[in-house]
Amino acid sequence: MTQEEARQKIEKLSLEINYHNHRYYVLSEPMITDYDFDMLLEELIKLETLFPEFKKPDSPTQRVGGDITKDFRQVTHKYPMLSLGNTYSEAEILEFDQRVRKSLTDNFEYVCDLKFDGVAIGLTYVDGILTQAITRGDGSKGDDVTANVKTIRSIPLKLQGNYPAEFEIRGEIFYPHDGFKKLNEDRIEIGENPFANPRNAASGTLKMQNSAEVAKRPLECFLYLMYGKELPHINHYDNLQEAKKWGFSISNNFAICHNTDEIFEFIDDWNEARKTLPYDIDGVVIKINSLQQQKQLGFTAKSPRWAIAYKFKTERALTELLSIDYQVGRTGSITPVANLRPVLLLGTIIKRASLHNADVIEQLDVRIGDQVYIEKGGEIIPKIVSVNLSKRKADAKPVTYITHCPECKTELYRNEGEANHYCPNYTQCPPQIKGKLEHFISRKAMNIDSLGEGKIEILYDNGLVHDLSDLYKLTFESILGLEKTFPASAGKKERKISFKQKTAQNIINGIEKSKEAPFEKVLFALGIRFVGETVARNLANHFQTIDALMLADYETLISVEDIGERIANSILEYFSMEANINLINRLKVHQLNFSLSKQTQLLSNLLAGKTFVVSGVFENYSRDHLKELIQLHGGQNTGSISAKTSFILAGENMGPAKLSKANKLGIPIIGIDEFEAMLHKKSAD
Ligand code: IVH
C-alpha cells in the first residue's frame with residue numbers, strides 16, 4: 001500500500017466509523033452488526049499503527065482510550081461555568097417570570113428542558129474537532145478531562161455539516177440506568193463497594209487516570225447550551241436543533257413555552273413521564289429563548305438571570321440517627337450503615353440507610369442523635385440527604401470513624417485515594433470468611449445453588465467451614481439436622497432453615513458436582529480482588545494452568561488482555577500470601593479444575609462476549625459441531641432468541657417463529673459463509 005493509498009483509506013474508514021458511531025450512539029439506529037463495526041475499527045487501528053503520520057487527534061480510534069493522566073490540568077473557562085439556583089415551588093417560577101417581564105419590553109419565549117442528573121461538562125470545538133473537555137470545577141477553572149471524554153461514544157470527535165469555526169457546547173455526562181446497574185454489579189463481583197448513585201459514578205469515572213478504563217464504561221452525554229461568537233441562530237432552541245445536525249446528542253424532549261401555565265404543564269408531564277426514562281432527571285431547566293434577551297437580562301454574581309432550575313419534589317422523611325453499624329465485605333471493605341428510628345417513606349418503613357464511607361459521613365457532618373432527612377432516590381437503598389441542624393443537640397459530637405474491625409478487632413487501613421477502609425485480616429475475619437464462601441458458591445462462580453440463602457451461615461456457625469476447601473470435606477452425616485432461625489429483616493419474614501434429609505443430600509450433591517466447574521470459574525470463585533468473570537476467563541485462557549499464573553510476574557500479567565496495573569498488583573498480592581497458596585493446594589487435593597482441560601482449551605477469543613442461536617440445517621456441519629466451534633472460539637450458545645442474542649446462525653429451514661422474533665428484535669441473521677469468515681480472521685493474522 002502506498003502512502004497516499006493509506007492516507008485515503010484511513011480517511012475513508014474514519015468517516016465510515018464516525019457515521020456508524022453516530023447511528024448507534026446518538027440515533028440508536030445501527031445499520032451494521034457490532035462485529036462488522038469492530039472489524040472496521042480494527043482495520044483502522046492496524047493502518048494507523050503502520051502509518052502513524054496519518055493518525056489524527058479526532059480519529060475514532062481515540063475512543064478506545066489509553067492516555068494516562070496523572071493530575072488533571074486546571075483550565076480557565078472561557079465563559080464562566082455557572083450553575084442555577086434551584087427552586088422547588090411554582091411560586092418561585094411565578095416570581096422569576098415577573099422579574100423577566102419587568103426587565104424585557106418585547107415579547108419573549110421560554111425553552112423548557114429536562115434537568116439531567118449528571119456531571120456538567122464544557123466541550124470546545126475548533127474547526128469541527130473536539131479540542132478540549134473541561135469539568136465545572138469552581139466555575140471559573142475546571143479540570144481538563146479531554147482524554148477521558150473522547151472515549152464517550154455519543155460525543156462527536158469531528159462534526160459534520162455547517163458548524164461555526166469555534167464554539168463551546170455544554171452538557172451533562174451521566175450513566176443511564178442499565179449501564180449504572182451493570183457497573184455496580186461488576187464492582188460487587190470484584191469485591192468493590194458499589195457507587196452510591198449514577199451521578200457519583202459518572203463523576204468518579206471522569207476522574208479516572210486511565211482513559212482505556214473509561215472507554216469500557218457506558219457513559220452518555222446530552223448537550224444543552226452553546227456559547228460562541230458565530231452561532232447560527234439568534235435563539236437557543238434553533239441552535240440546539242442545528243447542533244443535532246452536526247452530530248451532537250441533544251435530547252428530543254425540550255419545548256418552547258410561552259407562559260407559566262405552559263411551563264407548569266411541561267413540569268407536571270415530565271414529573272410523571274420521568275419514571276419511564278432510561279436515565280435520571282431531577283427537574284426541569286427553564287431558559288429564555290432569545291440570545292439577545294438573555295444578554296439583556298445578564299447575570300447575578302452567581303447565576304444567569306435568564307434561567308431557573310425547578311427541582312422535582314422528592315418524598316423525604318425526617319427521623320433520628322440512632323447509631324452507626326460497620327459492615328465488613330468479603331474483601332474486607334468497611335461500609336458504615338445508619339440505624340434510624342423507624343419512619344414511613346413512600347409506603348415502606350425505613351430503619352437503615354447506607355452511609356457509604358468516611359468521606360460521606362464527613363460531608364454530611366451527620367452526628368448520632370441528629371434529626372436527618374431520608375430520601376429514596378432512583379436507588380433502592382434509602383439515603384440520608386441532609387441534617388436538620390436546628391434540632392442538633394448541644395452535646396452532639398462529630399462521628400469518629402472506627403479504627404479497628406468491628407468483627408475481629410484488627411486495625412483497619414485505607415489506601416491513598418481510596419474511599420473505603422479495609423480490614424486486612426482476610427483469612428480469619430468472620431464476615432470475610434462467610435462473604436468469600438458466599439461468593440464461591442454463587443451462580444457465576446461454582447454455582448452450588450443448593451447452598452444459597454443463609455445455609456453458609458449455618459455451616460459456619462457450626463464450625464464446619466472456615467475456608468473454601470472445607471466445603472469439600474462436608475459429609476451427609478455431618479450436616480444432617482443442622483438448623484437456624486433467621487430473624488425478620490429487610491422486608492423478609494422470620495424463617496427457619498433446617499437441613500433435612502433431602503436438603504442435606506442436595507447440598508452434598510451440589511458440592512460434588514461443582515468439581516466439574518471449569519478452570520475459569522474456579523479462578524473467579526477464589527474471589528481475588530478485581531478479578532471478575534471476564535478477567536478470570538482471560539487469565540485462564542492465557543495461562544492455561546494456575547501454576548503458570550502463580551509464577552507470572554508483573555510484566556507478564558499486564559501483557560494479558562484487559563489486565564492493568566491494579567489487577568496485576570492484586571493478583572501478585574494474592575499469590576504472595578502463604579494462606580492462599582495453602583488453600584489452592586487443599587482445593588487441588590479435592591480435584592477442582594486448576595487447568596483448562598483439553599476440551600475447553602480455546603482456539604481463540606474471536607467470539608468472546610457473543611451469544612449465538614444456531615438454527616436450521618447445514619450442509620457441511622451438524623448443529624452440535626457448530627455449537628462446539630462457537631464455544632471453542634470463546635462464544636456462547638443459547639436455545640432461544642432474546643435481546644441478548646448477538647447472532648442467529650441460520651441454515652436451511654429455519655423456523656418461521658424464530659425468524660419473526662429475530663426480525664422483531666433486530667438481531668442479525670448470518671449464514672455459514674459469514675460465520676466461517678468470522679473465524680477465518682484468526683488464520684489470516
Ligand atoms: S442550562 C448557567 N440545561 O443543572 C447554567 N443545565 O442547576 C445553565 N443541567 O449547571 C444551564 N440539565 O449542570 C441546563 N438541560 C439542562 C440541564 C442543565 C442539567 C445542570 C447543569 C447546570 C445545573 C443547573
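The values are calculated or read from the model by the stated rules, or taken from the named source; none is laboratory data. No experiment lies behind these values; they were computed from the predicted model shown. All Cβ positions, glycine included, derive from the backbone under ideal geometry; neighbour counts span all protein chains shown. Only protein heavy atoms, including side chains, enter the accessible area calculation; ligands, DNA and RNA are left aside. Shrake-Rupley method; radii C 1.70, N 1.55, O 1.52, S 1.80 Å.
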*So if we plug the beta-carbon distance of residue 207 and residue 314 into 1/(1 + (r/R0)^6) with R0 = 30 Å, what FRET efficiency do we get, rounded to 0.05?*
0.65
*Would you kindly calculate the translational diffusion coefficient of the stretch 55-193, applying Stokes-Einstein with the Kirkwood radius from alpha carbon pairs, for 37 °C and a viscosity of 0.692 mPa s, and quote it in µm² s⁻¹ without decimals?*
180
*So what are the ³J(HN,Hα) numbers for the stretch 98-105, from phi and the Karplus equation (6.51, -1.76, 1.60; θ = phi - 60°), rounded to whole Hz, Gly and Pro as x?*
4, 4, 4, 4, 5, 7, 9, 8
_Give the residue list of trypsin sites (Lys or Arg not before Pro) in the stretch 312-392 that are DSSP loop and have at most 12 other beta-carbon atoms within 10 angstrom._
313
*Stretch residue 348-residue 415 to full length: gain in nm at 0.36 nm per residue minus the Cα-Cα span?*
20.4 nm
*Rounded to the nearest 10 Å², what accessible area does residue 97 show when all protein chains are kept and the probe is 1.4 Å?*
10
*Size of charge dipole - the chain - debye, nearest 20, with Cβ of Lys, Arg +1 and Asp, Glu -1, no other charges*: 1600
*Starting from the Cα of residue 83, step 7 Å along the direction of its Cβ; do the same at residue 484; then give the gap between the two resulting points in nm.*
4.5
*Give the Cα extents of the stretch 120-206 along the principal axes, in whole Å, largest first.*
47, 29, 18
*Are there cysteines in the chain with no other Cys C-beta under 4.7 Å, and if so, which?*
112, 221, 257
_Once exposed loop chymotrypsin sites (Phe, Trp or Tyr not before Pro) are cut out (DSSP; at most 14 other Cβ, 10 Å), longest piece of the chain_ = 313-685
*Mind jotting down a quarter of the surface of the convex hull over the alpha carbons of the chain, in square nanometres, one decimal?*
35.9
*Of 56/158; 493/513; 12/216, which ones are farther than 22 Å apart at the Cα?*
493/513; 12/216
*Rg/Rh for the stretch 155-212: what does it come to with C-alpha atoms and Rh from Kirkwood?*
1.13
*Between residue 597 and residue 322, what length comes free when the chain is fully extended (0.36 nm per residue of separation minus the Cα-Cα distance, one decimal in nm)?*
93.5 nm
*Report the far tail of the P(r) of the stretch 539-685, meaning the percent of Cα-Cα pairs longer than 20 Å.*
60
*How many nm separate the modelled label positions at residue 229 and residue 588, each set 7 Å beyond the Cα in the direction of the Cβ?*
7.2
*Quickly work out the residue 551-to-residue 261 label distance, labels modelled 7 Å from Cα along the C-beta direction, and quote it in nm with one decimal.*
8.2
_Just to be sure I understand: if I project the alpha-carbon convex hull of the stretch 1-84 onto a plane and average over all orientations, what area do I get in nm²?_
8.8
*May I ask what percent, to the nearest 5, of DSSP beta bridges between residues of the stretch 604-685 are antiparallel?*
10
*Fully extended contour minus Cα-Cα distance, from residue 181 to residue 138, at 0.36 nm per residue*: 12.5 nm
*Just report the Cα centroid separation between the stretch 621-685 and the stretch 308-326, whole Å.*
50
_Taking the stretch 3-107 and dividing mean pair separation by its residue count, relative contact order in percent (alpha carbons under 8 Å, at least six apart)_ = 24
*Would you mind pulling out the separation of the Cα centroids of the stretch 202-237 and the stretch 420-459, in Å?*
41
*Across the chain, where is the longest run that never hits GluC sites (Glu not before Pro) in a DSSP loop with at most 15 other C-beta atoms within 10 Å?*
1-229
*Tell me which lysines have Cα within less than 24 Å of residue 409's Cα, excluding those fewer than 8 residues away on the same chain?*
397, 434, 436
*For the stretch 399-480, what size does the Cα cloud have along each of its three principal axes, sorted from largest down, in whole Å?*
47, 26, 21
*For the stretch 326-419, with only Lys/Arg (+1) and Asp/Glu (-1) charged at the beta-carbon, what is the dipole magnitude about the Cα centre, in debye rounded to 20?*
480
*Pick out, in residue order, every one of the trypsin sites (Lys or Arg not before Pro) in the stretch 182-262 that is DSSP loop and has at most 12 other C-beta atoms within 10 Å; say none if there are none.*
229
_As a test of understanding, state the convex hull volume per residue of the stretch 599-685 from its alpha carbons, in Å³._
93
_Eligible aspartates and glutamates near residue 627 by straight Cα distance, threshold 16 Å, same-chain separation 8 or greater_ = 619, 673, 674, 676
*Pop out the carbon and sulfur fraction of the accessible area of the chain as a percent, whole number, probe 1.4 Å.*
50
_Pairs of alpha-carbon atoms within less than 8 angstrom and 6+ residues apart define the contacts here; what relative contact order does the stretch 360-446 have, in percent?_
18
*Table column - 3J(HN,Hα) (Hz), the stretch 241-253, Karplus curve with 6.51, -1.76, 1.60, x for Gly and Pro*: 4, 5, 4, 4, 5, 7, x, 7, 8, 10, 4, 8, 10
*Calculate the radius of gyration of the Cα atoms of the stretch 260-319 to one decimal place, then report Dmax, the largest Cα-Cα distance, as a whole number, both in Å.*
14.7, 48
_Within the stretch 312-346: backbone nitrogen closer than 18 Å to the residue 386 label point (7 Å, Cα to C-beta)_ = 312-321
*Let me have the relative contact order for the chain, percent, based on Cα pairs under 8 Å that are six or more residues apart.*
9
